[in-house]
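Beneath this line is the structure, given in structure tokens, with notes to follow.
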Amino acid sequence: MSEKAKKILVIEDDKFISEVYIARLSKEGFETVLVGDGEAAIKKAKEETPDLILLDIFIPKIGGMDVLRVLKEKDETRNIPVVMLTNATEEEYIDNAMGMGAVDYLVKSNYTPEEIVHKVLEHCK
């Protein structure tokens, strides 16, 4: 009997980038769920209870930092590991995200999709 696929919630509003990540994660056997804004992200995180969340900071409706804060405040989503996956390189974002409970902070331009999948694998053990 095979192990159940780990579910990854990808919160990304850039269609091209999200398709690249979804394709790579799916190829590695992950089940993926994609949402493009912060409002949908909070709702989906509660509904799907993913094994890990990849969260962009700059997303419509509710920004990624606020999404992270809400996820970490709610009992049903508090323990889901959140990896920030963004282009924001400012120390303030990094410090705030890690201080709020993100397990990792990845700057998109510094990682290939393969390296991001490797990071997801590390945090999904």
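The values are calculated or read from the model by the stated rules, or taken from the named source; none is laboratory data. Just so it is clear, the structure is predicted and the values come from calculations on it, not from any experiment. With ideal geometry, Cβ positions are generated from the backbone for all residues, glycine too; neighbour counts draw on all protein chains shown.
Run Asn79 past the list (1) touching a Leu at 6+ places or on another chain (Cβ under 9 Å); (2) within 23 Å of Lys4 (Cα to Cα); (3) modelled with pLDDT of 95 or more and report the number of the one that doesn't hold.
Result: Asn79 passes all but (1).
Which residues, taken from the range 70-120, are within 24 Å of Ile22 (Cα to Cα), in a helix (DSSP H, G or I) and of a type in the set (S, T, N, Q)?
Selection gives Ser109, Asn110.
Just for the range 87-122: of the residues that are farther than 14 Å from Lys72 by Cβ, under 14 Å from the mean Cα position of the chain (by Cα) and in contact (Cβ under 8 Å) with a residue 24 or more places away in the chain, which one is surrounded by the most Cβ atoms within 10 Å (Cβ to Cβ)?
Filtering first and then ranking leaves Val120.
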